[in-house]
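> One structure, pasted below without further comment.
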Amino acid sequence: MRKSGDLRCRYRPGQKVAILRDIESDGSYRTITAGALLAGEGERGEILGVGYQEEKRVVYFVLLGPENRVIGCFEEDLFPDKKAVRLSAIRSGGRPGRKKSVGGVRHGRDL
């Protein structure tokens with residue numbers, strides 16, 4: 001885990017993740033209506049980068065789908081994509097890591 005000040009990042013750029021729960025727009029995208037679905041539960045993506053919200057929360061920029069959509073997610077909106085982890089371990093000749101349990105909250109935010 002990387003540490004920035006007192007914030008720890010669970011995920012790193014390039015890591016494969018999946019969406020824990022549906023994420024709806026909070027209205028900050030000009031072209032997307034508030035309440036519109038941005039990402040569905042179980043959708044897979046990749047962490048592009050990490051940022052910080054004013055309240056000092058870690059925000060992950062996630063690349064999703066063949067449309068290359070990028071949305072911002074909080075840590076509790078994501079979980080490691082174990083299928084991707086297993087495939088990359090098999091391809092590299094290694095063994096998959098231990099499974100982690102991740103708690104969650106009901107919603108995410110987009111940027």
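> Since Val58 meets every condition but one in (1) closer than 19 Å to Ser25 by Cβ; (2) crowded, with 17+ Cβ neighbours inside 10 Å; (3) among the aliphatic types (A, V, I, L, M), which condition does it not meet?
(1)
> Could you tell me which of the residues Val70, Val102, Val59 is among the hydrophobic types (A, V, I, L, M, F, W, C), modelled with pLDDT under 95 and in a loop (DSSP other than H, G, I, E, B)?
The match here is Val102.
> Looking only at segment 12-29, count how many residues are farther than 15 Å from Arg69 by Cβ and surrounded by fewer than 16 Cβ atoms within 10 Å (Cβ to Cβ).
Result for segment 12-29: 4.
The values are calculated or read from the model by the stated rules, or taken from the named source; none is laboratory data. Here the structure is a predicted model, which is why all the values come from computation and not from measurement. All Cβ positions, even for glycine, are placed from backbone atoms using ideal geometry, and neighbour counts span all protein chains on display.
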